[in-house]
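The values are calculated or read from the model by the stated rules, or taken from the named source; none is laboratory data. Model, not experiment: these values are computed from the prediction. Every residue, glycine among them, receives a Cβ derived from its backbone with ideal geometry; neighbour counts consider all protein chains shown.
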């Protein structure tokens with residue numbers, strides 16, 4: 001399966017700034033390319049954030065297009081090879097490159113809408129749930145790789161929470177019942193979900209089994225939105241590789257799908273009722289199984 005490289009937050013900002021300088025100079029892309037001594041396709045790649053430009057080309061843009069000192073410093077900083085945040089450095093080499101690219105995009109998103117048919121979304125998982133999920137989903141992973149994934153997931157949550165960015169999650173009812181990690185882990189996870197649902201920037205809806213057939217029954221996806229007129233990115237995680245979709249037709253299709261999911265799912269209030277009922281059911285079953293477990297142990 002093809003795995004198109006995402007336009008990272010850094011490259012998006014770089015491309016926007018280069019485009020702004022060109023337009024301010026009153027040049028076409030072909031004219032700007034000729035001015036700095038590159039072909040038009042190279043210029044288009046720089047503006048479109050398709051690849052990191054060479055430092056020499058950035059220096060030429062600064063000189064030939066009359067960038068201010070502040071703009072020049074920003075261009076050079078964006079064009080430099082990005083340094084991983086401190087928390088990511090110990091994990092480098094233990095996480096897939098595509099996951100690192102996703103973390104970069106997520107760190108710059110102003111809002112996220114996600115759909116998970118059978119799993120609690122990563123930004124809402126407890127540590128115990130995350131560990132149990134990674135072990136089950138990636139059985140060939142070493143303990144070191146599992147812990148790297150869990151650490152990254154917890155840090156992503158902290159970063160997202162610090163920014164107070166809105167999160168809208170539509171979750172399949174199956175996610176409430178899949179016994180990831182056992183009853184205690186599931187009860188803790190659902191309690192965390194219930195708590196998150198009352199937050200000012202988090203909207204949670206459950207898609208009940210009773211809805212039957214609905215759009216996107218086949219898999220999960222996330223829709224990440226950015227500012228400054230930058231188009232959203234749809235992130236689709238598959239066993240064959242991660243996809244980062246940016247074409248207008250793809251964005252329109254996934255926006256429509258998400259609208260249908262929101263309309264079909266339970267309201268946030270009814271979602272909280274269902275989560276509460278599920279927690280109570282877990283507790284009842286735990287009490288009911290207590291004597292049987294004790295007798296079996298004897």
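Descriptive notes on the structure:
- Residue among 86, 77, 98, 137 that alone is modelled with pLDDT under 95, out of contact with any helix residue (DSSP H, G or I) (no Cβ under 6 Å at 6 or more places or on another chain) and over 28 Å from residue 10 (Cβ atoms): 137
- Residues that are buried (at least 17 other Cβ atoms within 10 Å of the Cβ), more than 16 Å from the chain's Cα centre (by Cα) and in a loop (DSSP other than H, G, I, E, B), drawn from segment 138-173: 173
- Checking each residue of segment 241-253 against the condition of being outside any helix (DSSP H, G or I), assigned by TED's automatic domain parsing to the domain that holds residue 101, more than 18 Å from the chain's Cα centre (by Cα) and surrounded by fewer than 17 Cβ atoms within 10 Å (Cβ to Cβ) gives no match.
- Hey, residue 266 over 18 Å from the mean Cα position of the chain (by Cα) and buried (at least 18 other Cβ atoms within 10 Å of the Cβ) or not: yes
- Subset of segment 177-194 [assigned to a helix (DSSP H, G or I) and either under 24 Å from the mean Cα position of the chain (by Cα) or under 11 Å from residue 272 (Cα atoms) (or both)]: 177, 185, 186, 188, 189, 190, 191, 192, 193, 194
- Taken together, the residues in segment 179-218 that are in contact with a strand residue (DSSP E or B) (Cβ under 8 Å, 6 or more places away or on another chain) and at pLDDT below 90 amount to 1.
- Residue match in segment 55-75 (condition: in contact (Cβ under 8 Å) with a residue 60 or more places away in the chain and buried (at least 17 other Cβ atoms within 10 Å of the Cβ)): yes
- On inspection, residue 130 does not qualify as modelled with pLDDT under 95, in a helix (DSSP H, G or I) and over 12 Å from the mean Cα position of the chain (by Cα).
- Test set (1) closer than 29 Å to residue 148 by Cβ; (2) under 22 Å from the mean Cα position of the chain (by Cα); (3) surrounded by fewer than 17 Cβ atoms within 10 Å (Cβ to Cβ) - residue 48 fails condition number: (1)
- Single residue of segment 1-16 satisfying the filter (crowded, with 18+ Cβ neighbours inside 10 Å and part of a helix (DSSP H, G or I)) that is modelled with the lowest pLDDT: 9
- Taken across segment 195-203, residues that are part of a helix (DSSP H, G or I) and on the phi < 0 side of the Ramachandran plot do occur, with at least one present.
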